[in-house]
Structure formats: C-alpha cells, structure tokens
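Report on the structure given below.
The values are calculated or read from the model by the stated rules, or taken from the named source; none is laboratory data. Because the structure is predicted, anything quoted here is derived from the model rather than measured. Positions of Cβ are generated from backbone atoms using ideal geometry, with glycine treated the same way; all protein chains shown enter the neighbour counts. Each accessible area value is taken on the protein alone, full model and side chains, heavy atoms only, with ligands, DNA and RNA left out. Shrake-Rupley method; radii C 1.70, N 1.55, O 1.52, S 1.80 Å.
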Amino acid sequence: MEQIKLSQIIKNNLRGNSGYYIMKFITGLEMSLDGYSTEHIVFPYSENLKIISYRSRKAPKTRENDFLIMPENVFAKLASDMENSGFYPSSVELEGEEGEYFRTSSSRTLISYDVIIKFLKNGFSFKSCTFRKDKTYFGVDRFSRIWSNDRDIISVLGELTAQYLSEALKNFYLNKGAETSIENVILRPYISDYSVSSEIVERLKLRLGKRRITLIKRFRNGDTLIYAYASDQSHRIEMIVRQNNMSLVSMNSTDLNTVIEMSEIVEKAGGVFVGIRSTLK
C-alpha cells in the first residue's frame, strides 16, 4: 500500500489553526467504526497501520482494544526530533521494575534528554512525555497517541510518528509467517530469538513481576520454560531459555501488543534480538 501524505490531509480536515489536536495510531487490521462520528477522521497509512485523528477538542473515549503499544525506539526517535527542534521535556513518566515509577515535571526540576535516555537504558519503560517550546506543546504516550495545541506540529510530527511506527512494526509484524485475527490475536506461531546471558531468568522475573508469571519450569538439561502474561493479564506468551539462547513464542492468547511488550522486557533484561524465525502453515 502506498503511504499517504498525512500532513496535508490533517491540514485540510482539522478546523482552525489552534486548539487541542489528538491522533491515535492502531494496527491496520479491520476495526469497528461504530464508536466514531463525523468528529473523527479514520484512514489507512500503510498495510500495518491505521490513524485516527480527532477534529474535536473533547478527549476521545478510551478504546483499549484499538491501542497499539509504541515500540520504545519510536519514542526515542521522536524525542531526538523534539530536541533538535528546540523543544524541552516538560513532564515525563517512566515505569521501572516491579511497578517502580519515575514521574516528574519541569516545574519541579529541569528534565534533560540524557536523563530520560539513561533511565530507559537502565531498565525503565516509557509511559508518557510532553515537550514544550514557548506556548506550544507536543505529547506522546505508550499507547501510540500524540497530541498538541498546534495544527502544524501535529501534522508534521504525526507524519514522522507514522513513518517510525511503520518501520518499527516490520520487526514485529506478522507477514513473515504468523497471522492475526481481526481482534489482533496471533493465529499462527510468531517466534523471535534472542541471545541471552546466564542471569536472564532472574532479570526477567524482576522485570515481569510475580503476578505476570503463571509458570516457571526448569528441566534437568538446564532449559527453562516460562509462561507470562502481558501487563493487562489478558494475553500470554511462552519463553524458552536454552543455554545462551532464548525463544519468544506466541500462544493462542497472544496479541501483537504482547509481542512488542515482551520483546522489550527481554531486551531490558539483557537479551539481544537475533531475528524472527519463519513458521510454516
């Protein structure tokens, strides 16, 4: 599918030159439009991505099933773009191990980009961040939503976000063997492999937390099997550790967001992504 010129569509459809503009990025699968009205613009950006833009300043209702978790490397690219454009982080929310949180705003202390990146490299996960420059702000959160009070900013950064997400989804999306249903549940196995250290299981237990893990089994040959829930405990994934290798395998209850979330947890625990293993029909 040829990618559209997003910035021009936004400028043509959003009323006025100022307000509170919101965009949400979701998977490119079929979706119910019953909850949307003339105040919403819904359009495809690429084969794997759809975009919803809101004409109204009124905040949209939460639709959990439509959310796409933003891979952390996409946030890092957006943060770099904001820094190069002269914006500063005015508030940030990060999540650490076992529910540990880091929240702060520029009214309390100066937030530097280096501090945010250091927290992410040391095991914290991105939750949300707002950037400011004079009277203009731009926000982004973990669920692939962006917002701004400037139509030009939301147009340009919306286009960049769409590009970054489309590129990132190539590492996760399922055109290499797996398939998903309309509900985003993976129908055929998705298997990604990682190089891991001997301490990976203990680090994973810390990152996941006890409530997410449903089973840990150690075999006589040294292999370890882990079943773990995603953060909302509605989808599970299988992890198999063999010496210095680890496989992340989808289950019947696995969706795309779980794959993204668990992949990042493995990487923060010390795993190094090797590649996606092809699966046969």
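So here's what we get for this one:
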quantity	calculated
Boolean, Ser56 is modelled with pLDDT under 75 and farther than 30 Å from Val185 by Cβ	yes
Hey, Ile153 β-branched (Val, Ile, Thr), buried (at least 16 other Cβ atoms within 10 Å of the Cβ) and part of a helix (DSSP H, G or I) or not	yes
Residues located in the stretch 248-281, provided they are open to solvent by less than 10 Å² (accessible area, probe 1.4 Å) and either in a strand (DSSP E or B) or in contact with an Asp or Glu (Cβ under 6 Å, 6 or more places away or on another chain) (or both)	Leu248
Cβ pairs under 6 Å, 6+ apart, first in the stretch 73-95 and free of Cβ contacts under 8 Å to residues at least 40 places away in the same chain, second assigned to a helix (DSSP H, G or I) and open to solvent by 10 Å² or more (accessible area, probe 1.4 Å)	Glu83/Tyr113; Leu94/Phe119
Among the candidates Glu167, Glu238, residue that is open to solvent by 10 Å² or more (accessible area, probe 1.4 Å), out of contact with any helix residue (DSSP H, G or I) (no Cβ under 6 Å at 6 or more places or on another chain), within 21 Å of Phe25 (Cβ to Cβ) and at pLDDT 85 or above	Glu167
Unmet requirement for Leu110, which otherwise passes all of (1) surrounded by 14 or more Cβ atoms within 10 Å (Cβ to Cβ); (2) assigned to a loop (DSSP other than H, G, I, E, B); (3) more than 21 Å from the chain's Cα centre (by Cα)	(1)
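Every residue, every condition in (1) free of Cβ contacts under 8 Å to residues at least 24 places away in the same chain; (2) in a helix (DSSP H, G or I); (3) surrounded by 15 or more Cβ atoms within 10 Å (Cβ to Cβ), yes or no:
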residue	(1), (2), (3)
Gly139	yes, no, yes
Gly158	no, yes, yes
Arg188	no, no, no
Tyr194	no, no, yes
Leu215	yes, no, no
Ala228	no, no, yes
Gln233	yes, no, no
